[in-house]
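K.L.:
To start, I am sharing the structure in question, which I have written as structure tokens.
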Amino acid sequence: MSDVSVLAGPALRRLRKREGLTQATMAAALGISPSYLNLIERNQRPLSARVLVQVIERFDFDPRTLREDEAIGGVDGLARRLADERFADLGIDREEVSELLAVAPQVAAAFARLYDRVGQEAGGVNDTLIASRREIERWRNHFADLDHAAEGLADELRMSHGDLGAALTERLREKHQLTVRILPLEVMPDALRRLDLHARQLQLSEMLDRSSRNFQIAAQLVTLEQREAISKLVAGAQLDDLAARQLFERHLTAYFAAALLMPYSRFLRACEQTGYDFTILQRRFGVSFEQLAHRLTTLQRVGQRGLPFFMARLDRAGQFSKRFSGASGATLLESDATCPLWVAHKAFERRGELCVQAVLVEGADAGPSHWLTVARTVDAIGASDDARFVIVLGVEARFGGQLTVAKGLSLDPASAEPIGLGCARCYREGCRQRSLPPRGAPLRVDRVARGVTPFEFNPLR
């Protein structure tokens, strides 16, 4: 056995106290010195694989308890909670978050539970969305079993037909006795997809483009063939609210459908070969920019990882309707407002263009602050031109050199655009775009002179 080690001081200390042992007695049982056990319990020495085996054999220890932090999403999950605006003035950085989780994981779990419960007790749709999103982020938006199953099905479909859309349609017809029918807008004014079991039809709106049609057919196939796999994941989720479970189930269905259209290994290989060229990837896999953005946040297979992207969807008012951090560690998506200096807002005026910007985020202490972001407008699915959003993809600037869109762009932090987490949470001075003073900062009002910015204030720290 290789000598793998892990910091497990709090878990070992709880075990010793549960057994009513002194450090000397437990150390003797494990064949180590009391001083070494003391260092392990204080996280100053790792728990080696050899000692871990002794603990398991002698004390009926469950090694899964060493990963209790996964229930709250690890460092990323705790950092996202601490990115709440109520803690903005504390300047909690990622190192402190990591230290708390290592030294006092139960305290961290208690805080996370209390934080989440406060949101639930407040009631409302937003809390349902947040609960579902927390579960997605706990998995870092990567569901390995679904990905493997989707790859197997995608390979099977490719063998039957070269065109994936036709293969999906044929699968529905042959295995489920369902035909696909495209119906006019006046027949389906308020629906994109409808399953009519009486007519044995999957009915799709004519307003769907080709990529959306394929996605909706794939989603229907998922509900018919992967119900058990998805139900198990939903049953294991820590969600008490029915609507939150239903939203989580919808996400998993969409996840599998996207994995079917963009099978993991082939998709990741194409990403790496093209330098994550978004235009080429869209055409090669026949997907929309929004579908592509979703998929890019999921590439965290062990031994076969892609770049850790985050993805968000915003409306013209700067409100998030979607946000997935994946494995990026991003905390800039936790704010309810966005900075008007972010390229996401400028993208609305440049329809269909890829708008690239390197940013340095003020106040993102618990997560990375230097990002390469790409924004592009998308029309609402099946809607006319009056419904439009912006999709933003982001990856840490240190990975940006691997992206085709970053060619010719400086990734030096000194060249990045400084942005905040919305005016009320931004403590940058001298910003002419500021609309509100930062919350909690004492204002300075000069009766003699008028500055170039609308609000002057004393910094909190």
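The values are calculated or read from the model by the stated rules, or taken from the named source; none is laboratory data. In this text the structure is predicted, and so the values were computed from the model without any measurement. Using ideal geometry, Cβ is built from the backbone for each residue, glycine included, and neighbour counts are taken over all protein chains shown. Note: accessible area is taken over every heavy atom of the protein model, side chains too, but ligands, DNA and RNA are not part of it. Shrake-Rupley method; radii C 1.70, N 1.55, O 1.52, S 1.80 Å.
K.L.:
Would you please report the Å³ per residue occupied by the convex hull of the alpha carbon atoms in segment 380-461?
P.N.:
In segment 380-461, the Cα convex hull volume per residue is 195 Å³.
K.L.:
Sum -39500 (n - 2.57) across every DSSP H segment of at least 4 residues in the chain, then divide by the residue count to get the 222 nm mean residue ellipticity, nearest 500. Write out the running numbers ahead of the final one.
P.N.:
Values: 17 runs with 195 residues, N = 461.
Theoretical 222 nm ellipticity from helices: -13000 deg cm²/dmol.
K.L.:
Here is a follow-up. How large is Rg/Rh for segment 310-360, to two decimals, with Cα atoms and a Kirkwood Rh?
P.N.:
Result: Rg/Rh = 0.93.
K.L.:
Working out 0.36 nm times the residue gap between Val53 and Arg173, then minus their Cα-Cα distance, what length gain in nm do you get to one decimal?
P.N.:
37.9 nm
K.L.:
Counting just the Cα atoms, what span does segment 228-357 cover along each of its three principal axes? Round to the nearest Å and put the largest first.
P.N.:
Sorted from largest, the Cα extents of segment 228-357 read 44, 37, 25 Å.
K.L.:
Another question about this same structure. Using the crude model of +1 on Lys and Arg Cβ and -1 on Asp and Glu Cβ, and no other charge, please compute the dipole size for the chain relative to its Cα centre, in debye to 20.
P.N.:
The dipole magnitude comes to about 240 debye.
K.L.:
Which of Phe348, Ala366, Ala337 sits closest to the plus end of the dipole of segment 334-400, meaning its Cα is farthest towards the positive end, when Lys and Arg get +1 and Asp and Glu get -1 on the C-beta?
P.N.:
It is Phe348.
K.L.:
Can you tell me which lysines have their Cα less than 25 Å from the Cα of Lys175? Leave out same-chain residues fewer than eight positions away.
P.N.:
Lys232
K.L.:
Rounded, prolate or oblate: which one fits segment 188-304, using the alpha carbon gyration tensor with axes a ≥ b ≥ c (rounded when a/c is under 1.5, else prolate when a/b beats b/c, else oblate)?
P.N.:
oblate
K.L.:
Can you tell me the accessible area per residue over the chain, all protein chains present, probe 1.4 angstrom, in square angstrom?
P.N.:
On the way: 22890 Å² over 461 residues.
The answer is 50 Å² per residue.
K.L.:
Relative to the Cα centre, what is the charge dipole magnitude of segment 256-368, using +1 at the beta carbon of each Lys and Arg, -1 at the beta carbon of each Asp and Glu, and rounding to the nearest 20 debye?
P.N.:
560
K.L.:
Which whole-angstrom value gives the distance between the alpha carbon centres of segment 256-273 and segment 27-63?
P.N.:
Centre-to-centre distance over Cα atoms comes out at 42 Å.
K.L.:
At 1.4 Å probe size, with no ligands or nucleic acids counted, give the accessible surface of Val103 in Å², nearest ten.
P.N.:
80
K.L.:
OK, next. What is segment 338-383 by shape, rounded, prolate or oblate, if you read a ≥ b ≥ c off the alpha carbon gyration tensor as root eigenvalues and call it rounded for a/c under 1.5, prolate for a/b larger than b/c, and oblate otherwise?
P.N.:
On the way: a/c = 2.62, a/b = 2.16, b/c = 1.21.
Prolate shape, in that a/c is at least 1.5 and a/b is the bigger ratio.
K.L.:
At a threshold of 8 angstrom on Cα-Cα distance, excluding pairs fewer than six apart, so keeping six or more, what relative contact order does the chain reach in percent?
P.N.:
Numbers: 694 pairs, mean separation 57.2, N = 461.
It comes to 12 percent, rounded to a whole number.
K.L.:
Hey, another quick one. Where Rh is the Kirkwood radius over the Cα pairs of segment 78-230, the temperature 4 °C and the viscosity 1.567 mPa s, what D in µm²/s does Stokes-Einstein return?
P.N.:
My calculation gives 67 µm²/s for D.
K.L.:
Hey, another quick one. To the nearest whole percent, what portion of all C-alpha pairs in segment 291-435 is separated by more than 25 angstrom?
P.N.:
24
K.L.:
While we're on this one: Please calculate the 1.4 Å probe accessible area of Asp145, with all protein chains present, and give it to the nearest 10 Å².
P.N.:
Accessible area, nearest 10 Å²: 130 Å².
K.L.:
Okay, moving on. Sort the chain into rounded, prolate or oblate with this rule: let a ≥ b ≥ c be the square roots of the eigenvalues of the Cα gyration tensor; rounded if a/c is under 1.5, and if a/c is not under 1.5, prolate when a/b is larger than b/c, oblate otherwise.
P.N.:
It is oblate, given that a/c is not under 1.5 and a/b is not larger than b/c.
K.L.:
Rounded to a whole number, what % of the accessible area of the chain do carbon and sulfur atoms account for, probe 1.4 Å?
P.N.:
50
K.L.:
Find out how many positive minus negative residues lie around Thr179, taking Lys and Arg as positive, Asp and Glu as negative, among other residues whose Cβ is under 9 Å from that of Thr179. Before the final figure, lay out the partial values.
P.N.:
Details: positive: Arg173, Arg181, Arg200; negative: none.
Within the 9 Å Cβ shell, the charges total +3.
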